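Colleague: I'd like to ask some things about the structure below.
The values are calculated or read from the model by the stated rules, or taken from the named source; none is laboratory data. Quick caveat: nothing in here was measured; it's all calculated off a predicted structure. Cβ atoms come from the backbone with ideal geometry, glycine included; neighbour counts cover every protein chain shown.
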Amino acid sequence: KPTTPKVYDQWSAKYACQRASPLVCVNQELAAAFAVLSKARELEGMFANALSYERTAGIIKSYPHPITKTNFRKDVQNLPGLGQKTLAKVEEWIENGYIQESTEITSSERFQSLSLFSSIYGIGPVNARKLYDLGLRSIEDLERYYDVSADTSASTVEELEEEMVIYTPNGKRVPTALAESPRKSTKDKARAGVLGNTYKLPDMSIKVALMLRGELDQPIPRDEVEEMHRVVMKELQEIQKGCISTIVGGYRRGKSGSNDVDIVITHPDLKSGADMVKGLCKRFTQKLHSKGLVTHVMHLSSFHAHNALRTSNWDSLEKALTVFLLPVDPKNPKRKRTHRRLDLIFAAPEAYWTAVVGWSGSKLFERDLRSWAKDRGLKFDSSGLTRRHDSKLFLPRSEQEVFDILGLDWIDPTMRNA
Ligand code: DGT
Ligand code: MG
């Protein structure tokens, strides 16, 4: 579908989901400078500031002209959400070609270490700061700290399930089984400290990510993403015929190299598809693991229909976050394969298109999609689209219908790079 010219004209709209945002924009360095500021605030736990700079980077990505003094006065200073401080930085960039603060941050030891630590799958900003405060600076420091030399080879589905715990804000460990149990009341969970939870990946996953760092941090070319997809779907047909899928994430937005591969899967049978998909995630992950295609399982989640932990970031879909290794190519046996991060997301047929939209990104696009929906009395997440006042569930039959229900103009996935 071609992107409608209308969306291209809406560069001054408030929400990222109303605007066309190309992968690379005409003011890319300016957007990147604000992305650095956003990242720095995020790493320091200043989430409101991080979001504000992320929005600035987003709106700059949609602005279709190179920013100059003239159009700064005409357009840019009137863009929604840009405060005085931010505008001063844009002017500084017009004047000097850089933003002093971004340049300083980029070269600071603290920023470099915190970014490096948080680039390891499973290490978030809080953990990164904790490690930095312990005096750790480099990857070698991390490897010593997590004792990566110890056996990190096996993390099977079963082992992982036993290890899964949720850390409550006061540091209490609660088994995921309790946290996700549909039988425990919200009150029980609150008593156990589950509400306001943060998921923490088991240290084992961090070890795996560290051990495979040299491979996992290499971007995955598009043809390899497609090859992984083909292999995965061929295996899936063997245990559940007729499943369909979409490669989502950065690949779908046109990135030439992805950090991971995200695939949304369903069975299209409207009558029995939901039953066929239920529990499939775990079964399929076990199959891939037994074949050596999935070498590690970093996280498995949501095996309960009523996931009481539905927060803004975690939908209730079944998903497996794994490490994947393509088999050696018989036509090219010398070529060594690289471990890749693979996320499999399973949706019932009625949730398929919201899952596709919800996992295509970008992150800001998704966040604004939720806000946009909320403003209209709707609730959007990857597992469904509902009306707030009576919880009426919509059943979109295509991606276009998701946009229609939300009252949004169509935006091609390659223009969702806010
Ligand atoms: P990359 O880094 O090349 O993989 O780039 P992306 O954009 O593919 O980033 P990724 O894979 O972290 O996330 C893909 C999209 O899926 C992104 O828009 C956010 C969304 N997403 C990631 N994790 C979750 C989750 O746990 N729940 C939901 N609902 N969405 C998620
Ligand atoms: Mg991705």
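Colleague: Looking at (1) surrounded by fewer than 18 Cβ atoms within 10 Å (Cβ to Cβ); (2) within 14 Å of ligand 1 (Cβ to nearest atom), which one does Ser290 not meet, given that it meets all the others?
Modeller: (2)
Colleague: Assigned to a helix (DSSP H, G or I) and out of contact with any helix residue (DSSP H, G or I) (no Cβ under 7 Å at 6 or more places or on another chain): does that describe Ala355?
Modeller: For Ala355, the condition - assigned to a helix (DSSP H, G or I) and out of contact with any helix residue (DSSP H, G or I) (no Cβ under 7 Å at 6 or more places or on another chain) - is met.
Colleague: Among the residues in the range 306-317, are any at pLDDT 95 or above and either within 16 Å of ligand 2 (Cβ to nearest atom) or in a loop (DSSP other than H, G, I, E, B) (or both)? Outline the logic, then answer.
Modeller: Of the residues in the range 306-317, the ones at pLDDT 95 or above are none.
No, that holds for no residue.
This table checks each residue for (1) within 15 Å of ligand 1 (Cβ to nearest atom); (2) out of contact with any helix residue (DSSP H, G or I) (no Cβ under 8 Å at 6 or more places or on another chain); (3) within 30 Å of Asp269 (Cβ to Cβ).
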{"residue": "Phe346", "(1), (2), (3)": "yes, no, yes"}
{"residue": "Asp368", "(1), (2), (3)": "yes, no, no"}
{"residue": "Asp375", "(1), (2), (3)": "no, yes, no"}
{"residue": "Ser383", "(1), (2), (3)": "yes, no, yes"}
{"residue": "Asp390", "(1), (2), (3)": "no, yes, yes"}
{"residue": "Pro396", "(1), (2), (3)": "no, no, yes"}
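Colleague: Follow-up question, since we're still on this one. Which residues, counting only those in the range 347-380, are within 16 Å of ligand 2 (Cβ to nearest atom) and hydrophobic (A, V, I, L, M, F, W, C)?
Modeller: Passing the criteria: Ala355, Val356, Val357, Trp359, Leu364, Phe365.
Colleague: Just give me the residues in the range 377-400 being under 22 Å from Ile411 (Cα atoms) and outside any loop (DSSP other than H, G, I, E, B), in sequence order.
Modeller: Answer for the range 377-400, where residues must be under 22 Å from Ile411 (Cα atoms) and outside any loop (DSSP other than H, G, I, E, B): Leu378, Lys379, Phe380, Asp381, Gly384, Leu385, Thr386, Phe394, Glu399, Gln400.
Colleague: In addition: Restricting to the range 56-90, name every residue that is among the aliphatic types (A, V, I, L, M) and closer than 27 Å to Thr414 by Cα. Give the steps one after another, and end with the answer.
Modeller: Of the range 56-90, the ones among the aliphatic types (A, V, I, L, M) are 57, 59-60, 67, 76, 79, 82, 87-88, 90.
Selection gives Ala57, Ile59, Ile60, Ile67, Val76, Leu79, Leu82, Val90.
Colleague: Could you list, in sequence order, all residues of the range 215-262 that are surrounded by 13 or more Cβ atoms within 10 Å (Cβ to Cβ), more than 9 Å from ligand 2 (Cβ to nearest atom) and among the polar types (S, T, N, Q)?
Modeller: Once the filter is applied, which keeps residues that are surrounded by 13 or more Cβ atoms within 10 Å (Cβ to Cβ), more than 9 Å from ligand 2 (Cβ to nearest atom) and among the polar types (S, T, N, Q), the range 215-262 yields Gln218, Gln240, Ser245, Thr246.
Colleague: Might you check whether a residue that is on the phi < 0 side of the Ramachandran plot and outside any helix (DSSP H, G or I) occurs anywhere in the range 103-114?
Modeller: The initial filter retains those residues of the range 103-114 that are on the phi < 0 side of the Ramachandran plot, namely 103-114.
Checking which are outside any helix (DSSP H, G or I) leaves us with 108.
Yes, some residue in the range 103-114 is on the phi < 0 side of the Ramachandran plot and outside any helix (DSSP H, G or I).
Colleague: Still on this structure, I have one more. Filter the range 246-265 for residues that are among the hydrophobic types (A, V, I, L, M, F, W, C) and near ligand 1 (Cβ under 7 Å from one of its atoms) and give the result.
Modeller: Val248
Colleague: Taking the criterion of being touching a strand residue (DSSP E or B) at 6+ places or on another chain (Cβ under 7 Å) and either small (Gly, Ala, Ser) or closer than 29 Å to Arg397 by Cα (or both), would at least one residue in the range 327-342 satisfy it?
Modeller: yes
Colleague: Right, here's the next one. Checking Ile123 against (1) under 14 Å from Glu42 (Cα atoms); (2) in a helix (DSSP H, G or I); (3) β-branched (Val, Ile, Thr): exactly one of these is not met. Which one?
Modeller: So Ile123 meets the others, but not (2).
Colleague: Of everything in the range 325-343 that's within 14 Å of ligand 1 (Cβ to nearest atom) and out of contact with any Ser or Thr (no Cβ under 7 Å at 6 or more places or on another chain), which residue is farthest from Lys282 (Cα to Cα)?
Modeller: Arg340
Colleague: Another question, then. I need every pair where a residue in the range 362-384 that is at positive phi has its Cβ under 9 Å from the Cβ of a residue that is part of a strand (DSSP E or B) and among the hydrophobic types (A, V, I, L, M, F, W, C), sequence separation at least 6 or different chains.
Modeller: Gly384/Leu393; Gly384/Phe394
Colleague: Could you tell me whether Gln77 is touching a residue at least 40 places away in the same chain (Cβ under 8 Å) and of a type in the set (S, T, N, Q)?
Modeller: no
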